[in-house]
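Shown next, in structure tokens, is the structure this report addresses.
The values are calculated or read from the model by the stated rules, or taken from the named source; none is laboratory data. What you are looking at is a predicted structure, and each value in this text was computed from that prediction instead of being measured. Cβ sites come from the backbone with ideal geometry, for glycine too, and all protein chains shown count toward neighbours.
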Amino acid sequence: MFVKVYQYHIENDKVDEYLSIQEKASEIYNKYLDLNTIYLQCNEDSTKWMEISKYKNEEEYQKSINLINKEKDIQELFAAFQSLLVSEKEISEENYIEMKVINN
């Protein structure tokens, strides 16, 4: 599996709006891709979030993301998302390949 990991900081009073934006964005992504996303909020810094999305493979992701990014609604949702960010913090993005899952 191809995995995208994002890390960013959301203003504490904007969490409900953030989660609503993510639900709407997920609906758009699901039209193009089979994915599973988890959103994690840091215990030590409540503004810090991690978003982990798993895709079938990188090729499918790359093919579909170009179509997704052309959607007017996704562009509007991304602008709304950016307005929720803690201003002095950056968004980090990393790519991974899932090697093994162990379920206990």
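Just to be sure before I move on: is residue 21 in a strand (DSSP E or B), touching a Leu at 6+ places or on another chain (Cβ under 9 Å) and modelled with pLDDT of 95 or more in the structure I sent? So residue 21 fails the test.
Against the condition of a type in the set (D, E, K, R), within 30 Å of residue 101 (Cβ to Cβ) and without any contact (Cβ under 8 Å) to a residue 24 or more places away in the chain, how does residue 76 come out, does it pass? First the steps, then the outcome.
Details: of a type in the set (D, E, K, R): yes; within 30 Å of residue 101 (Cβ to Cβ): no; without any contact (Cβ under 8 Å) to a residue 24 or more places away in the chain: yes.
Answer is no for this residue.
The set of residues in the range 1-18 that are assigned to a strand (DSSP E or B) and either of a type in the set (Phe, Trp, Tyr) or modelled with pLDDT under 95 (or both) comprises 2, 6, 8. Has the range 44-63 got at least one residue that is loosely packed, with under 10 Cβ neighbours inside 10 Å and either touching an Asp or Glu at 6+ places or on another chain (Cβ under 7 Å) or of a type outside the set (Asp, Glu) (or both)? No, the range 44-63 has no match at all.
Mind listing whichever residues of the range 61-104 are of a type in the set (Phe, Trp, Tyr) and in a strand (DSSP E or B)?
Answer for the range 61-104, where residues must be of a type in the set (Phe, Trp, Tyr) and in a strand (DSSP E or B): just 96.
Filter the range 84-104 down to the residues that are in contact (Cβ under 8 Å) with a residue 40 or more places away in the chain and of a type in the set (Ser, Thr, Tyr), then identify the one that is surrounded by the fewest Cβ atoms within 10 Å (Cβ to Cβ). Give the steps one after another, and end with the answer.
Taking the range 84-104 and keeping what is in contact (Cβ under 8 Å) with a residue 40 or more places away in the chain, we get 84-86, 89-98.
With of a type in the set (Ser, Thr, Tyr) added as a condition, the list becomes 92, 96.
Details: 92: 10, 96: 12.
Once the filter is applied, the top-ranked residue is 92.
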